[in-house]
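A short write-up of the structure that comes next.
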Amino acid sequence: MTKIAFFDTKPYDKVWFDHFSGDYQVEITYFESKLNHKTAPLANGYEVVCAFVNDTIDEQVIDDLYQGGVRLLAMRCAGYNNIDFKASFGKIHIVRVPAYSPYAVAEHAMALLLSLVRQTHHSYVRTREFNFSLNGLVGFDLHGKTIGVVGTGKIGRVFIDICKGFGMRVLAYDPYPNDSISVDYCSFDELCRESDIISLHCPLTEDSFHLVGRESIAKMKDGVVLINTSRGALVDSLALLEGIRSKKIGGAALDVYEEEAELFYEDRSTTILDDDILMLLISMPNVLVTSHQAFLTKEALQNIALTTLKSIESYAKGDVMEHEICYQCDTCNKVTGQRCF
Ligand code: NAD
């Protein structure tokens, strides 16, 4: 039996891991707490840790896990910007779930866009109080508008197809354009200048940190609508708030927020938030926030559980792990068909 310490557990995680775990030689202990400096010792005696997007996996945590016997970190998500890869290399193997449902995230991005431009979030609240007035609810057609898609990987591609179905003109920016996608690629500057709506579908890296900031916002069309379902720190939140206040930005839908780690996925309704920027953003009528929910479909949760359990099985058998990653995957042992190290 491979012993797994499962951090940041939510009821919806357990459903599918419990459902499939009987088919694998694993014993899962679920911890509700996030993985961080304080909680890393909980994993002592476990060989595998399963973690998620807002866990803290820095050098100290890696060392603590390694000292406690952990040899595999199984991320049950696609993004991995919260991991110190250099610190883990040679000690703890890392696997992730590169694709579980691009449709889940792309469809959520479109759901946010539709809500925002047709104001259904306001209508929902109004009609529950028998307020049937339409004043202030004027939206705009998506048909014929230009949408700029930043990042044309698995999710961006699905989102592009959805937008085409709405009759939108689609522009795309990606430092690694994909010839097999039928879309007009352009520079990020051109995308900013031309787009009525901009949707982010790229990873958070040193290059993409605060991609949407004061400088790029200044280049955008007046009234531009911004959708971010990727990673919070792609957007400079203060610059976004200033853009909303000055009406340069006509609306923003955020499934992610740069300071989300201590807030999202938890019920904070009875506490006073000490994040003024988030409070002000949420108070704006043209800002819609969901708490990193884009991945949350039944199909995605099933795929996350199955892919993670299969990776753990490969690890336990000593096999190569298809979804292993490290900080030098271009040159590590993976290029010769072995584990990264
Ligand atoms: P992917 O790796 O298939 O595609 C990412 C694309 O972004 C690639 O084509 C890459 O070339 C491009 N890219 C890299 N740097 C860029 C930059 N600076 N500017 C523009 N493009 C750049 O990834 P994916 O599966 O499509 O996921 C995209 C992102 O969505 C992930 O990185 C993750 O942050 C986010 N995500 C969010 C959720 C959620 O629940 N909100 C769920 C899954 C993924």
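The values are calculated or read from the model by the stated rules, or taken from the named source; none is laboratory data. What you are looking at is a predicted structure, and each value in this text was computed from that prediction instead of being measured. Here Cβ is always computed from backbone atoms with ideal geometry, including for glycine, and neighbour counts include all displayed protein chains. Areas reflect the complete protein model, heavy atoms only, side chains present, ligands, DNA and RNA absent. Shrake-Rupley method; radii C 1.70, N 1.55, O 1.52, S 1.80 Å.
For region 285-341, what percent of Cα pairs sit more than 12 Å apart? Distances greater than 12 Å cover 73 percent of the Cα pairs.
In the chain, taking the dipole from charged Cβ atoms about the Cα centre, the farthest positive-side position among F188, G69, N131 is held by N131. Available extension along the chain between R71 and A316 is 87.2 nm, counting 0.36 nm per residue and deducting the alpha carbon span.
Rounded to the nearest 20 debye, the dipole size of region 102-289 about its Cα centre is 860 debye, using +1 on the Cβ of Lys and Arg and -1 on the Cβ of Asp and Glu.
The alpha carbon centroids of region 297-341 and region 125-156 are separated by 38 Å.
Here the simple spin-label model places points 7 Å from the Cα toward Cβ, and for D274 and D179 these points are separated by 5.5 nm. Cross-linked pairs K38/K91; K34/K91; K164/K247; K34/K317; K145/K310: Cα-Cα separations exceed 32 Å for K145/K310.
Each residue, K248 and E190, gets one label point 7 Å from its Cα in the Cβ direction; the gap between the two is 2.3 nm. Percent of accessible area on the chain owned by carbon and sulfur, 1.4 Å probe? Ligands and nucleic acids excluded, carbon and sulfur give 50 percent. Using 0.36 nm per residue and subtracting the Cα-Cα separation, the extra length available between V335 and Y265 on full extension is 21.5 nm. The gain in end-to-end length when the M1 to K38 segment is fully stretched comes to 10.7 nm, 0.36 nm per residue minus the alpha carbon separation. Scalar couplings 3J(HN,Hα) for region 323-332, obtained by applying the Karplus form with A = 6.51, B = -1.76, C = 1.60 to θ = phi - 60°, are 9, 6, 9, 9, 7, 9, 5, 6, 10, 6 Hz; x denotes Gly and Pro.
With +1 on the Cβ of every Lys and Arg and -1 on the Cβ of every Asp and Glu, and nothing else charged, how large is the dipole of the chain about its Cα centre, in debye rounded to the nearest 20?
So the dipole magnitude of the chain works out to roughly 700 debye.
Using the 1.4 Å probe convention, the accessible area of the chain works out to 48 Å² per residue with neighbouring protein chains retained.
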